[in-house]
Structures are given as C-alpha cells and as structure tokens.
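Input: a single structure, listed below in structure tokens.
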Amino acid sequence: MKQENHSNARTNIHIRSLINNSDSTNLELSKRFEVSKNTICKWKNRTTFEDKSSKPNNIKYSLSYDEMELLIHLRSTTWWALDEIVELVYGEVSASKRSAVYRLFKTNNINNVPQEKKEEAKKFKEYSPGYLHLDVTYLPKINGKKRYLYVVIDRATRLMFYKIYDNKTAINTQNFVLEAMDFLPFNITHILTDNGLEFTNRLLKSKKGESCKKASLLDEICLKENIEHRLTEPFTPKTNGMVERVNKTIKDNTIKINKYQDLQQMEADLYNFLQTYNTVKRHSSLRKELNVKTPLKAVYKWYELEPEIFKEKPIDFENKVISLSKLMQGIKQQPCET
C-alpha cells in the first residue's frame with residue numbers, strides 16, 4: 001500500500017522505526033537523520049509510526065447541527081440544486097452560506113447529484129400550482145395566551161397564505177383550508193402535511209392497538225374537493241422542509257424583531273409581511289424556473305401557461321391581496337418596539 005505522510009514530514013515510517021529501535025542517543029540520531037532532538041524523542045516514545053490526524057479535536061462549524069441535519073435531509077430526499085436549497089433554508093443565496101453548504105454536501109458525498117436523482121428532482125418541479133405544503137407554528141404569548149399560525153405555501157408559485165388561531169385543532173385546520181381555497185387563485189390538487197392530530201388520524205390507535213379508520217376533517221375536505229392529502233413519514237417533521245423554512249422566514253421578519261402590545265398589532269404586522277412576501281420579496285428559484293422574481297409574478301406566468309387551472313384572473317387576485325393589506329393597515333396600532 002502506498003505510504004502517505006504529511007507534506008512537511010522529514011521522516012518516513014522506515015526511519016521512524018529505526019529511531020524507535022535504536023540504542024543511540026537522541027543527539028546522535030538527530031545528527032544522523034538531520035532532524036531535531038524533539039522529533040527523535042517523539043518517535044522513540046511512540047508505539048505506531050503513522051502520522052496522526054491534523055484535524056482539530058473540536059471543530060467549529062459555520063452551520064449548526066440542526067442546520068446540517070435539515071440540509072442533508074433536503075438534499076438526499078429532493079436532490080435540488082445547491083442554490084435552491086440554500087435559498088429555501090436561508091431565504092437568500094449568500095456566498096458564505098453557499099460555500100458552507102457545499103462543503104457539507106461534499107463531506108457527506110452528496111455534492112454530485114446521481115443521474116437518476118436528477119430525474120426525481122425534475123419531477124418535483126413538474127407540479128403545476130395547487131400543490132400545497134401545510135403546517136402550524138407557534139406564536140408568542142400575548143396577555144398570557146398562546147396562539148398558533150396556520151401556514152400554507154404553494155410549491156410552484158411560492159404563494160403563501162396564513163392565519164392566526166387560538167388553538168391547534170382539526171376544526172381549525174378545516175376552517176383554514178377552506179379559507180386558503182378561497183384565497184388562492186387556482187385549484188388545489190395536493191396538500192402535504194405532517195402527522196399531527198390536527199391533520200390526520202393516522203397515528204391514533206384504539207385500546208386494542210388497532211389503527212383509526214375514521215377520516216380526519218382535513219381528509220373529508222380533500223375527499224369532497226378531489227384533493228390528494230399526502231403525509232410525511234411519521235416523526236420526521238423536517239421532510240416538509242418548504243413550509244418549515246417559510247415558518248422561519250415569517251418569524252424572522254415579524255415576531256422576532258417586533259414587540260406587540262396586543263393581538264391586533266401582531267396580526268397587522270403578520271398580514272403586512274404576507275402582502276410583502278407575495279408581491280415584493282424576490283425568490284431566486286422562481287427566477288431560474290419561470291424567469292420571474294415574486295410569487296405574484298409567478299401567478300401571472302402560470303396563468304399564461306395553464307389558464308384552465310385558475311379560478312380567477314391574476315389581476316383580480318392582485319387586487320384582493322392589496323385589499324387585504326389595506327384592511328390590516330386600517331387597524332389601529334401603537335408604535336412597535338424594535
């Protein structure tokens with residue numbers, strides 16, 4: 001087997017073995033092999049003659065463990081392009097983050113996408129508008145009361161809709177999906193959720209250990225509206241990565257930077273960001289896929305491609321989004337502390 005030494009090594013395994021087995025003094029060996037006495041001392045006291053790893057004992061990664069776990073999972077399950085994953089997780093493609101993610105993929109041997117996986121990634125993008133990712137996330141307590149944000153994002157257009165609820169229940173899921181159907185300008189074909197009890201009865205079991213066969217309220221809507229309800233693998237919430245990421249984007253731009261005196265202030269701030277996200281925020285993935293910059297422009301583009309899947313014209317939808325924003329701006333607000 002080919003011997004490999006550190007590039008600055010002055011000795012090889014044979015010389016190290018000679019040093020270790022020699023009865024000569026350190027000074028004599030130092031002169032003989034033209035190395036320092038410290039080097040002679042080191043190899044005399046070693047039991048093996050291979051170079052030790054120069055890797056630090058404690059490596060400071062630029063990515064957290066949770067970030068690495070999510071990034072690896074997204075790459076190995078979707079096989080999206082590097083820039084698409086970076087934008088999904090971090091909201092933008094910066095050089096530092098892109099470099100860190102690339103190194104992570106290379107370390108885990110997933111930097112090159114296998115040919116068969118390229119076809120799978122292509123299939124993911126082939127869905128027209130109407131494939132929704134649905135999730136519920138927590139909001140900060142106001143006046144001691146916890147609230148929840150139901151969030152849905154469309155895979156093709158990145159169009160988003162959300163609403164605040166007091167509880168995370170099946171009936172609220174039903175009401176939210178009905179409101180999302182009314183808000184979105186196109187027909188819904190798929191809804192992807194995790195296995196929470198607000199979405200499915202899949203994990204419910206009877207006292208005898210039998211699985212629940214009763215359809216959840218969400219399943220009832222999907223059956224009635226001819227929508228396919230898909231579920232992630234149990235106990236793996238990160239598999240619904242698109243909506244997991246957008247939850248973070250919402251919080252980073254609202255509740256994490258502002259403080260609210262009451263629910264109305266928080267609600268107004270959240271709905272203002274919803275309008276900004278859908279009409280102003282740029283998405284590099286949309287630019288690559290459709291040559292547009294915002295979810296609203298993606299709606300216009302898809303209307304040109306597949307007008308038959310739409311319930312209303314893009315201009316009518318745009319007016320609805322603007323009206324929603326004006327309605328929320330009319331709510332009396334106190335200045336937020338930032």
note: the stretch 131-329, Cα-Cα separations exceeding 20 Å make up a percent value of 59
Extension length gain for ILE164 and LYS293 (0.36 nm per residue less Cα distance), in nm, is 43.7 nm
Full extension between ASN38 and ASN319 adds, at 0.36 nm per residue less the Cα distance, a length in nm of 93.3 nm
Links exceeding 18 Å between C-alpha atoms in this model, out of LYS145/LYS259; LYS163/LYS251; LYS97/LYS248; LYS163/LYS248, come to none
Residues VAL292, VAL280, VAL243 in order from fewest to most other beta-carbon atoms within 10 Å are VAL280, VAL292, VAL243
A student asked for the Cα radius of gyration and Dmax of the stretch 159-226 in angstrom ought to give 13.4, 45
Toy charge model, Lys and Arg Cβ at +1, Asp and Glu Cβ at -1: the stretch 134-261 dipole around Cα centroid in debye, rounded to 20, equals 640
Rounded to two decimals, the Rg over Rh value of the stretch 172-272 from Cα coordinates and the Kirkwood Rh reads 1.04
On the formula 1/(1 + (r/R0)^6), with r taken between the Cβ atoms of CYS212 and TYR138 and R0 of 35 Å, the FRET efficiency rounded to 0.05 is 0.85
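A short reminder: the numbers here are calculations on the coordinates, not readings from a lab. Bear in mind that the values here come from a model prediction, so they are computed numbers and not experimental data. Cβ atoms come from the backbone with ideal geometry, glycine included; neighbour counts cover every protein chain shown.
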